[in-house]
Amino acid sequence: MEFGAKTVLITGGAGFIGSNLCEHFLNKNYKVVCLDNFATGHRHNLIECLKNVNFKLIEGDIRNLETCRLAVKGVDYVLHEAALGSVPRSINDPITSNDVNVSGFLNMLVAARDEKVQRFVFAASSSTYGDSESLPKVEHIIGKPLSPYAITKYVNELYADIFSKTYGLETIGLRYFNVFGRKQDPNGAYAAVIPKFVMQLMAGESPVINGDGNYSRDFTYIDNVIQMNELAMTTTNPEAINTVYNTAYGDRNTLNNLVNYLKEFLAEFDSSISAIPIIYGPNRAGDIPHSLASIEKAKKALNYTPKYSFQEGLKEAVSWYWKNLK
């Protein structure tokens with residue numbers, strides 16, 4: 001451990017994004033504390049981290065204020081990833097989504113404020129743009145939320161802003177756009193579309209697209225998200241803090257494009273996959289038709305230049321799934 005090494009708390013650190021952040025910052029010689037209740041995260045995501053003497057795991061729930069206080073003790077930075085994701089989950093159970101995403105978030109803000117952490121970086125969401133039809137999405141123009149999940153993520157931004165102005169806590173929100181990559185869970189009722197489709201194609205099954213496949217998304221590879229978290233956490237530009245940033249690649253692809261790329265990349269491992277047909281189903285409630293981020297604000301304030309395009313990231317992700325989950 002380097003002298004004077006900083007300590008970062010990653011909430012939801014056993015999840016897809018959180019566990020990738022844990023590994024990244026351990027590799028950068030930070031001390032890393034992970035807080036997770038394993039509601040949606042997995043212990044197997046932390047296998048490598050647990051071998052590192054600079055890693056500490058706290059099993060607990062952000063809905064408990066005392067747990068949050070314990071987790072932030074002696075911490076320099078907080079990367080808050082803990083949340084109940086998924087629009088459909090929030091529609092089915094809005095109360096639990098609100099408890100975790102709003103009350104839990106507020107607990108973490110209070111604990112971070114009282115511990116005087118240097119900066120609180122949190123996972124915001126592109127769902128905050130709601131029914132706004134303008135493209136590309138720019139941070140200062142949003143619409144009305146289309147789901148309970150979207151409401152919770154917008155409330156996070158409002159709370160963070162108030163804590164910055166009222167208590168002087170440095171906060172930065174990162175509006176994630178359809179993040180994908182290694183360790184993203186392909187199982188469960190609320191599995192994200194990319195790992196779900198990959199697993200279906202690897203099993204020789206037809207993926208089911210909601211709608212006609214022309215809905216489009218700004219799919220964002222995990223390494224670009226890690227890059228944004230690090231830039232937000234370490235920036236010394238006073239103009240860059242106490243605000244929100246789109247965290248994306250800045251391009252969009254339709255679901256039809258996505259499946260065609262998946263078939264092409266998976267066919268390099270098994271040529272029969274290229275012939276698997278696609279099935280189309282009804283549109284899903286709460287889904288927005290198109291999503292595309294402007295990343296100009298992040299480029300200007302944080303010097304963000306995403307390293308991976310959609311195709312480059314997808315090829316990496318497909319290779320990881322094939323090697324690890326086939």
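Side notes on the structure shown:
- Criterion violated by Glu205 - all others in (1) in contact with a His (Cβ under 6 Å, 6 or more places away or on another chain); (2) farther than 19 Å from Arg284 by Cα satisfied: (1)
- Test set (1) closer than 25 Å to Tyr190 by Cβ; (2) among the polar types (S, T, N, Q); (3) open to solvent by 30 Å² or more (accessible area, probe 1.4 Å) - Ser272 fails condition number: (1)
- Given (1) surrounded by fewer than 18 Cβ atoms within 10 Å (Cβ to Cβ); (2) without any contact (Cβ under 8 Å) to a residue 24 or more places away in the chain; (3) part of a loop (DSSP other than H, G, I, E, B); (4) not β-branched (Val, Ile, Thr), index of the condition Gly74 fails: (2)
- Residue in the range 35-70 that is most open to solvent (accessible area, probe 1.4 Å), counting only those that are in contact with a helix residue (DSSP H, G or I) (Cβ under 7 Å, 6 or more places away or on another chain) and in a helix (DSSP H, G or I): Arg69
- Summed over the range 83-99, residues that are within 17 Å of Ala189 (Cβ to Cβ) and either surrounded by fewer than 22 Cβ atoms within 10 Å (Cβ to Cβ) or β-branched (Val, Ile, Thr) (or both) total 10.
- Which numbered condition Leu266 fails, given (1) open to solvent by 20 Å² or more (accessible area, probe 1.4 Å); (2) touching a residue at least 40 places away in the same chain (Cβ under 8 Å); (3) under 23 Å from Asn224 (Cβ atoms): (1)
- In the range 242-288, the residues that are among the hydrophobic types (A, V, I, L, M, F, W, C) and not in a loop (DSSP other than H, G, I, E, B): Val244, Leu255, Leu258, Val259, Leu262, Phe265, Leu266, Ile273, Ala275, Ile279
- Residues in the range 209-241 that are among the small types (Gly, Ala, Ser), assigned to a loop (DSSP other than H, G, I, E, B) and touching a helix residue (DSSP H, G or I) at 6+ places or on another chain (Cβ under 6 Å): Gly213 alone.
- When restricted to residues that are of a type in the set (Phe, Trp, Tyr) and open to solvent by 10 Å² or more (accessible area, probe 1.4 Å), the range 9-27 contains 1.
- Only residues that are surrounded by fewer than 19 Cβ atoms within 10 Å (Cβ to Cβ) and modelled with pLDDT under 95 were counted in the range 100-130, giving 1.
- When residues of the range 181-207 are limited to those that are aliphatic (A, V, I, L, M) and modelled with pLDDT under 95, the one least open to solvent (accessible area, probe 1.4 Å): Ala191
- Members of the range 183-217 that are over 22 Å from Phe122 (Cβ atoms) and basic (Lys, Arg): Lys196
- Among residues of the range 1-15 that are modelled with pLDDT under 95, those with a Cβ under 8 angstrom from a residue that is among the polar types (S, T, N, Q) and surrounded by fewer than 24 Cβ atoms within 10 Å (Cβ to Cβ), sequence gap 6+ or separate chain, pair up as Met1/Asn29; Met1/Asn54; Glu2/Asn29; Ala5/Asn29; Ala5/Asn54.
The values are calculated or read from the model by the stated rules, or taken from the named source; none is laboratory data. All values reported here derive from a predicted model rather than from experimental measurement. With ideal geometry, Cβ positions are generated from the backbone for all residues, glycine too; neighbour counts draw on all protein chains shown. Just so you know, the surface numbers come from the protein's heavy atoms only, side chains and all, with ligands and any DNA or RNA stripped out. Shrake-Rupley method; radii C 1.70, N 1.55, O 1.52, S 1.80 Å.
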